[in-house]
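These notes concern the structure reproduced below.
The values are calculated or read from the model by the stated rules, or taken from the named source; none is laboratory data. Everything quoted here is computed from the prediction, not taken from an experiment. So basically every Cβ, Gly included, is an ideal-geometry build from the backbone, and we count neighbours across all protein chains shown. All accessible areas refer to the heavy atoms of the entire protein, side chains included, with ligands and DNA or RNA removed. Shrake-Rupley method; radii C 1.70, N 1.55, O 1.52, S 1.80 Å.
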Amino acid sequence: MQKITTAAQMRNMDRIAMHGVYAMAPVVLMENAGHAVAERAGAWLDGWDGKDVVLFCGKGNNGGDGFVIARHILAAGARVYVYVLGKEEDYSDEARQHLHTLQQLADEETCLLLSAPQSDADWQLLQKRLLASSVVIDAMLGTGFHGSLRQPLASIVAEVNAAAAAGAVTVIAVDMPTGVNSDTGAVSNGDDDEDGPLFADMTVTFGALKRGLVLYPGRACAGHVEVDPIGMPGPLLMQLEENPAYLLQESDIAEIVVPRSPDSHKGTHGTIAIVTGSSQMAGAALMAAHGAVRSGAGKVFLRVPGATAPYCIGVQPEIMVRGVGTGDHFTAADADEIIAESKNWSVLAMGPGLGRDAETKEFLLKVLAAVTCPVVLDADALNLLAGEKALIASRGSRIIMTPHLAEFSRISGLSMAEIKADPIAAARQFASEWKVNLVLKGAPTLIVSAKTGNVYVNSTGNAGMACGGMGDVLTGMIAAMIAHQGMSDLCSAACAGVYLHGAAGDACRKDHGPYGFTPMETADVLPQVLASLEEDLALPILQQPLIGGK
Ligand SMILES: NC(=O)C1=CN([C@@H]2O[C@H](COP(=O)(O)OP(=O)(O)OC[C@H]3O[C@@H](n4cnc5c(N)ncnc54)[C@H](O)[C@@H]3O)[C@@H](O)[C@H]2O)[C@@H](O)CC1
Ligand SMILES: Nc1ncnc2c1ncn2[C@@H]1O[C@H](COP(=O)(O)OP(=O)(O)O)[C@@H](O)[C@H]1O
Ligand SMILES: [K+]
């Protein structure tokens with residue numbers, strides 16, 4: 001599992017590596033960091049030999065890494081223009097030491113050291129050099145960046161972006177793309193192109209992923225990301241910080257989703273109840289149920305308000321539909337029937353298309369106070385339960401809530417701006433106060449464990465999934481994950497559901513194009529997504545085919 005750190009956690013790790021028991025020399029860590037970029041970017045670019053490179057070195061330690069990179073790519077055959085944007089006295093001892101070494105290698109032919117552009121002529125020359133080069137290396141700012149870019153960095157970044165847009169150069173960022181906040185993913189000056197962040201094709205980051213590389217809008221600036229341990233002592237890289245966050249990857253999900261036992265039966269894979277819908281929104285109920293079916297649920301029951309049932313019965317034969325009561329929305333009078341049935345259910349999901357009638361809130365409160373199986377709450381169930389923290393918290397972490405950003409804003413009372421300023425902290429705080437497993441849907445979706453407070457950042461999904469009904473399918477999928485994998489840990493089930501949902505969306509994007517694929521099509525591709533996951537699993541010997549097979 002890939003750890004995601006903040007700048008402060010990274011600084012702490014650096015501090016212990018250098019000044020704690022490991023006593024690593026700062027100049028060595030910087031050497032390792034610069035060498036890692038030269039190696040990894042070189043491999044990605046098919047070598048440095050014969051390449052013209054423009055390298056911008058800021059006045060902090062990110063710039064120090066740049067001096068090391070210059071030395072290594074020179075040795076590998078590149079020609080380098082190095083813009084040294086700080087004064088010698090600005091640099092840390094280790095950066096100054098690397099600058100001195102580089103100064104000994106400087107010459108007109110292969111390694112030109114330049115100061116920050118000032119005159120018009122300087123800027124014109126910089127533009128020319130960018131257009132005549134094939135690679136730009138951004139060692140201007142790393143984890144030390146905050147606020148908005150100041151000059152001359154803002155103009156340099158704009159020039160680099162323009163050269164990249166013209167197709168002239170490939171851009172490699174050192175640790176972070178300049179102008180991206182490493183803790184929040186916020187970028188310099190929002191969407192103002194003139195002072196915006198640098199857009200890299202590749203980022204080589206040190207020690208661990210930074211939040212700003214996985215959260216938007218920063219994530220869109222990073223390009224292909226590689227993490228290099230830069231020789232940090234293993235125990236330091238593995239150590240658990242106070243507020244851990246991780247990136248979910250396929251290998252993590254392959255560990256959670258166990259292969260089916262060959263002698264399993266439908267009972268093994270759970271009875272999923274979707275209790276939801278209203279006459280206006282029968283489709284939401286059906287999409288949630290379909291998400292459960294395509295995730296391999298043993299049995300899927302759909303319970304809808306009586307007047308909604310005619311729109312659902314017979315639509316999909318695998319789904320066992322029954323109307324409850326006679327209304328077009330649920331009321332408290334319908335609760336007893338659901339509570340009685342729930343004794344046979346592995347999991348209950350409520351919310352998609354439920355409607356927001358006050359009578360439906362009474363129904364929800366009654367059901368939630370009585371059922372004992374795990375519950376997934378989405379959409380209107382969340383809107384109706386916005387003020388019911390005490391009831392939700394009393395369920396002892398047996399609930400998964402799956403709000404999108406607007407729903408989360410409603411139930412948490414936080415403004416959209418407050419959530420976006422630090423979504424990881426907002427999600428963690430909410431899960432802790434409400435004692436729930438939280439799936440905060442978006443780009444990217446965050447999952448928080450009620451038990452540990454760990455935050456998992458999803459790595460799959462795409463903007464083609466921004467269409468009505470996608471979340472409904474996810475609700476059914478998460479419910480099915482809880483039930484048929486017999487998962488006692490609801491957070492693991494949520495992680496599996498979210499990752500596979502996004503992976504299904506990515507498969508649809510490949511097959512159908514960037515958008516226009518539907519939630520039902522996304523659900524339909526799940527068996528293939530699960531199949532590719534199974535290829536990664538080491539199947540126990542008894543589950544391998546005895547005859548034939550691969
Ligand atoms: N020992 C360490 O701490 C190591 C650090 N390393 C590198 O050091 C970097 C962190 O170094 P620093 O803490 O010096 O930080 P940076 O080099 O990222 O940036 C610090 C400089 O940026 C300036 N700055 C901040 N916001 C600005 C803005 N909006 N506009 C213009 N200038 C701005 C500050 O005035 C300061 O001079 C990492 O990203 C990494 O690249 C690596 O060498 C590995 C070891
Ligand atoms: N730009 C995007 N990138 C990745 N995933 C996305 C993006 N937009 C939407 N999604 C995913 O699609 C789903 C949309 O859910 P939701 O907003 O609840 O839709 P609905 O309520 O219409 O069913 C979520 O799982 C979300 O993470
Ligand atoms: K950088």
Of the residues in the stretch 418-476, those that are away from ligand 2 (no atom under 13 Å from the Cβ), at positive phi and not basic (Lys, Arg) come to 453
So residue 241 ticks every box in (1) more than 16 Å from ligand 1 (Cβ to nearest atom); (2) under 27 Å from residue 64 (Cβ atoms); (3) modelled with pLDDT under 95; (4) part of a helix (DSSP H, G or I) but one. Which box is left unticked? (4)
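Rundown of residues vs (1) under 25 Å from residue 374 (Cβ atoms); (2) modelled with pLDDT of 95 or more, yes/no style:
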| site | (1), (2) |
| --- | --- |
| 444 | yes, yes |
| 463 | no, yes |
| 495 | yes, yes |
| 502 | yes, yes |
| 519 | yes, yes |
| 526 | yes, yes |
| 542 | no, no |
| 549 | no, no |
Scanning the stretch 470-485 residue by residue, the ones that are among the polar types (S, T, N, Q) and open to solvent by 10 Å² or more (accessible area, probe 1.4 Å) total 1
Residues to consider are 20, 77; find the one that is of a type in the set (Gly, Ala, Ser) and at pLDDT 95 or above. 77
Identify, from the list 386, 390, 427, the residue that is touching a residue at least 24 places away in the same chain (Cβ under 8 Å) and part of a helix (DSSP H, G or I). 427
So the check is Cβ under 7 Å with 6+ separation or different chains; which pairs have a first residue in the stretch 201-220 that's more than 24 Å from residue 162 (Cα to Cα) and a second one that's among the basic types (Lys, Arg) and open to solvent by 10 Å² or more (accessible area, probe 1.4 Å)? 208/3; 209/3
In the stretch 130-174, which residues are free of Cβ contacts under 8 Å to residues at least 60 places away in the same chain, near ligand 1 (Cβ under 8 Å from one of its atoms) and open to solvent by less than 50 Å² (accessible area, probe 1.4 Å)? 145, 149, 154
Qualifying position, being in the same structural domain as residue 210 (by TED's automatic domain parsing) and either closer than 18 Å to residue 81 by Cα or within 16 Å of ligand 2 (Cβ to nearest atom) (or both), among 126, 149: 126
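One line per residue, one yes/no per condition, for (1) open to solvent by 10 Å² or more (accessible area, probe 1.4 Å); (2) touching a helix residue (DSSP H, G or I) at 6+ places or on another chain (Cβ under 7 Å); (3) in a strand (DSSP E or B):
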residue: 47; (1), (2), (3): yes, no, no
residue: 55; (1), (2), (3): no, yes, yes
residue: 64; (1), (2), (3): no, yes, no
residue: 97; (1), (2), (3): yes, yes, no
Could you tell me whether any residue of the stretch 77-94 is more than 30 Å from the chain's Cα centre (by Cα) and under 18 Å from residue 230 (Cα atoms)? yes
Go through (1) outside any helix (DSSP H, G or I); (2) open to solvent by less than 60 Å² (accessible area, probe 1.4 Å); (3) of a type outside the set (Phe, Trp, Tyr); (4) without any contact (Cβ under 8 Å) to a residue 12 or more places away in the chain for residue 400 and report which single condition fails. (4)
Could you check how many residues of the stretch 107-119 are part of a loop (DSSP other than H, G, I, E, B) and either touching a residue at least 40 places away in the same chain (Cβ under 8 Å) or open to solvent by 40 Å² or more (accessible area, probe 1.4 Å) (or both)? 5
If I filter the stretch 328-343 for residues that are open to solvent by less than 50 Å² (accessible area, probe 1.4 Å) and either under 20 Å from residue 526 (Cα atoms) or in contact with a His (Cβ under 8 Å, 6 or more places away or on another chain) (or both), do I get at least one hit? no
Would a scan of the stretch 50-63 turn up a residue that is at pLDDT 95 or above and in contact with a Cys (Cβ under 9 Å, 6 or more places away or on another chain)? yes
Output the number of residues of the stretch 1-15 satisfying the condition of being open to solvent by 40 Å² or more (accessible area, probe 1.4 Å) and assigned to a helix (DSSP H, G or I). 5
Residue within the stretch 136-150 that is away from ligand 3 (no atom under 15 Å from the Cβ), in a helix (DSSP H, G or I) and farther than 18 Å from residue 200 by Cβ present: no
Considering only the stretch 263-282, state which residues are farther than 25 Å from residue 488 by Cβ, modelled with pLDDT of 90 or more and assigned to a helix (DSSP H, G or I). 281, 282
Taking the stated definitions as given, is residue 110 at pLDDT 95 or above and under 26 Å from residue 218 (Cα atoms)? no
Residue, nearest to ligand 1 (Cβ to nearest atom), within the stretch 202-217, restricted to residues that are part of a strand (DSSP E or B) and more than 14 Å from residue 245 (Cα to Cα): 206
Select from the stretch 420-442 the residues that are surrounded by 24 or more Cβ atoms within 10 Å (Cβ to Cβ) and among the polar types (S, T, N, Q) and list them in ascending order. 437
Kindly indicate which of 260, 211 is modelled with pLDDT of 95 or more and farther than 20 Å from residue 41 by Cα. 211
Single condition residue 242 does not satisfy, out of (1) crowded, with 19+ Cβ neighbours inside 10 Å; (2) out of contact with any Phe, Trp or Tyr (no Cβ under 7 Å at 6 or more places or on another chain); (3) of a type in the set (Asp, Glu): (1)
Quick check: anything in the stretch 293-313 more than 16 Å from ligand 3 (Cβ to nearest atom), among the small types (Gly, Ala, Ser), surrounded by 23 or more Cβ atoms within 10 Å (Cβ to Cβ) and part of a loop (DSSP other than H, G, I, E, B)? yes
